[in-house]
Amino acid sequence: MNKRYIFISDLHLGLHSKEIEDRKEKLLVKFLKFAEDNCDELFIVGDLFDYWFEYKRVYQKGYYRTLTALKDVAEKGIKVHYFIGNHDFLHYNFFVEEIGANLYEDPIDVTLNGKRFYIGHGDGLVANDIGYKILKIVLRNKFIQKLYSLLHPDLGIAIASRTSKVSRDYTGKKDYGEMDGMLEAAKKKIDEGYDYVIFGHLHERFYVEYNNGVYVNLGSWIDKPCYGIFSSNGFQVIDWA
């Protein structure tokens, strides 16, 4: 059975001014309505939000149009797959219980239309970025997250927002080498037998054919909104504006 699968990554909702974010969110909601009628499964490959912290009974203010549109997609019978990125990793259970999404902390191995896919956000693949790898282990620790949740939501979310911006400034100035090591990581996966390797995180679009496989980086919505689609026509990355 030939199905249609749509992929988006690195929208970073909340990054810019309210005016810019309102325009971005309207564009995203329009896109999600498009996805309702044009795919069987939707993959959000990390960093949907520029920061996200969800308490047991509280989630952060705003984005209700996005959350409602995602709920509509799921209620249409479309599977929603949400990969936690390096900015929006502080999730509890809202997206699973309220939206009906499948939530992933790590890359997955999945077969789509008979092709083997390796899909993940892509962070932590840089061989020489030991600092980030240690930070990732600390921030993803459930006990530490539990302690952080004891902070008042206004303070906790404010710290998350500030930390997100500091992290962006830090990583934006570093030179990690060619494609942040992601191309080499993708090649290794293709050598293991994958037909497609799909990453985000880099904020640059790539479509690289290697041996019998393809590495795709989905780019971001910060400069040029786009989406990937996989169907009987193969994999394409298409502008959305």
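The values are calculated or read from the model by the stated rules, or taken from the named source; none is laboratory data. Only a predicted model underlies this, so the values are computations on that prediction, with no experimental measurement involved. Every residue, glycine among them, receives a Cβ derived from its backbone with ideal geometry; neighbour counts consider all protein chains shown.
The table for this structure:
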quantity	calculated
Output for segment 1-38, where each listed residue is touching an Asp or Glu at 6+ places or on another chain (Cβ under 8 Å) and in a loop (DSSP other than H, G, I, E, B)	Lys3, Arg4, Ser9, Asp10, Leu11, His12, Gly14, Leu15
Segment 16-30 - residue that is touching a residue at least 60 places away in the same chain (Cβ under 8 Å) and surrounded by fewer than 22 Cβ atoms within 10 Å (Cβ to Cβ) and, of those, farthest from Asp223 (Cα to Cα)	Leu27
When residues of segment 1-49 are limited to those that are among the small types (Gly, Ala, Ser) and in contact with a strand residue (DSSP E or B) (Cβ under 8 Å, 6 or more places away or on another chain), the one modelled with the lowest pLDDT	Gly14
Meets criteria (more than 21 Å from Phe34 (Cβ to Cβ), surrounded by fewer than 18 Cβ atoms within 10 Å (Cβ to Cβ) and of a type in the set (S, T, N, Q)) for Asn86	no
Filter result for Leu103 (within 17 Å of the chain's Cα centre (by Cα), of a type outside the set (S, T, N, Q) and either crowded, with 18+ Cβ neighbours inside 10 Å or within 20 Å of Lys24 (Cα to Cα) (or both))	no
Yes/no for Phe53 being crowded, with 21+ Cβ neighbours inside 10 Å, over 14 Å from Leu103 (Cβ atoms) and either touching a Gly at 6+ places or on another chain (Cβ under 9 Å) or without any contact (Cβ under 8 Å) to a residue 40 or more places away in the chain (or both)	yes
Residue count, segment 50-82 (criterion: out of contact with any helix residue (DSSP H, G or I) (no Cβ under 9 Å at 6 or more places or on another chain) and either part of a helix (DSSP H, G or I) or modelled with pLDDT under 95 (or both))	4
Residues of segment 188-241 satisfying the condition of being more than 22 Å from Phe31 (Cα to Cα) and part of a loop (DSSP other than H, G, I, E, B)	Glu192, Gly193, Tyr194, Asp195, Asn211, Asn212
Filter result for Val197 (over 16 Å from Leu48 (Cα atoms), in contact with a helix residue (DSSP H, G or I) (Cβ under 6 Å, 6 or more places away or on another chain) and modelled with pLDDT of 95 or more)	yes
Qualifying positions in segment 115-138 - at pLDDT below 95 and either in contact with a Leu (Cβ under 6 Å, 6 or more places away or on another chain) or surrounded by fewer than 17 Cβ atoms within 10 Å (Cβ to Cβ) (or both)	Ala127, Asn128, Ile130, Gly131, Lys133, Ile134, Leu135, Lys136, Ile137, Val138
Those residues of segment 39-49 which are under 12 Å from the mean Cα position of the chain (by Cα) and part of a loop (DSSP other than H, G, I, E, B), in sequence order	Val45, Gly46, Asp47, Leu48
In segment 183-241, the residues that are of a type in the set (S, T, N, Q) and crowded, with 16+ Cβ neighbours inside 10 Å	Asn217, Ser220, Ser231
